[in-house]
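Please read the structure below before turning to the comments.
The values are calculated or read from the model by the stated rules, or taken from the named source; none is laboratory data. Predicted, not measured: the structure shown is a model, and the values here were computed from it. All Cβ positions, even for glycine, are placed from backbone atoms using ideal geometry, and neighbour counts span all protein chains on display. Each accessible area value is taken on the protein alone, full model and side chains, heavy atoms only, with ligands, DNA and RNA left out. Shrake-Rupley method; radii C 1.70, N 1.55, O 1.52, S 1.80 Å.
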Amino acid sequence: GFVYKGNEKIGYVSNDERVKQAGERLEALKTLDAEAYLALLDKCYRNHADTAQQKAEEGTDAHAVVQDYVAECIKSNEGRPLPSENEATKNFLIMVKDYDPVFIGTEVHAYNQELWVGGIIDLIVQTNKGLGIWDLKNREVAYESDTLQTLGYASMNRFVLPSKTLEIGELGEIAHTLVIPLKGKKTKAFNAILEGQDSWKKLVAIYRFMES
């Protein structure tokens, strides 16, 4: 789970304390089998979805609005973009128009059994630049750390779609990742996927070595 950083009002949590908490949670995860881990992912997803739905109903969560839009494109238009009058969706479509996207999945659960990690991918998209892992951010800018997060998603090897679970080879070769700040104007792409995946896996190994 998320290890809270704190804020200016209540004070910040030290990095050492956050690393300690993260290590404790990682050890707890290691005690789960695959079935229990999947159940935990489902619970986290439901909690996230409930909060996102509440904000979407209030009209404040561009992330939820765009994901609902993409889900409708997949359901009723074979994944191709539909017309929209929503401002968040229109801005999203402007930022990604050069990719000529066809949406494959949204909020896709993914995991890597060998690394014992998992996550929820915002969008998997077929584009004119190849298969993409896209991440939506409810802010104005994309950061370098966001790209690292997407490389983690790109390092998963099983992807749970509504109708089936796909191995990485069945999904296709991932060509790029893209971070999309929904309140901004500029996306952040990463194309050196093999190098990025290798670097991300090494970071996971280093972290586990330091915590062992």
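What the table shows:
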| quantity | calculated |
| --- | --- |
| Residue satisfying all of: in segment 138-197; aromatic (F, W, Y) and in contact with a helix residue (DSSP H, G or I) (Cβ under 7 Å, 6 or more places away or on another chain); surrounded by the fewest Cβ atoms within 10 Å (Cβ to Cβ) among these | F190 |
| Pairs where the first residue, in segment 172-197, is assigned to a helix (DSSP H, G or I) and the second is crowded, with 19+ Cβ neighbours inside 10 Å and aliphatic (A, V, I, L, M), C-beta under 8 Å, 6+ apart | I193/L151; I193/A154; I193/I174; G196/L151; G196/A154; Q197/L151; Q197/A154 |
| Residue selected from segment 187-211 under the condition within 18 Å of the chain's Cα centre (by Cα) and of a type in the set (K, R), by the criterion farthest from D61 (Cα to Cα) | K201 |
| R158 being of a type in the set (K, R) and over 17 Å from I104 (Cβ atoms) | no |
| Per-region count, segment 28-46, residues open to solvent by 90 Å² or more (accessible area, probe 1.4 Å) and modelled with pLDDT under 75 | 1 |
| Index of the failed condition, V65 passing every other in (1) modelled with pLDDT of 95 or more; (2) surrounded by 12 or more Cβ atoms within 10 Å (Cβ to Cβ) | (1) |
| Members of segment 148-168 found to be among the β-branched types (V, I, T) and under 10 Å from the mean Cα position of the chain (by Cα), listed by number | T150 |
| V204 open to solvent by less than 30 Å² (accessible area, probe 1.4 Å) and modelled with pLDDT of 90 or more | no |
| Conditions (1) farther than 24 Å from F103 by Cβ; (2) surrounded by 13 or more Cβ atoms within 10 Å (Cβ to Cβ); (3) at pLDDT 80 or above: number failed by E211 | (3) |
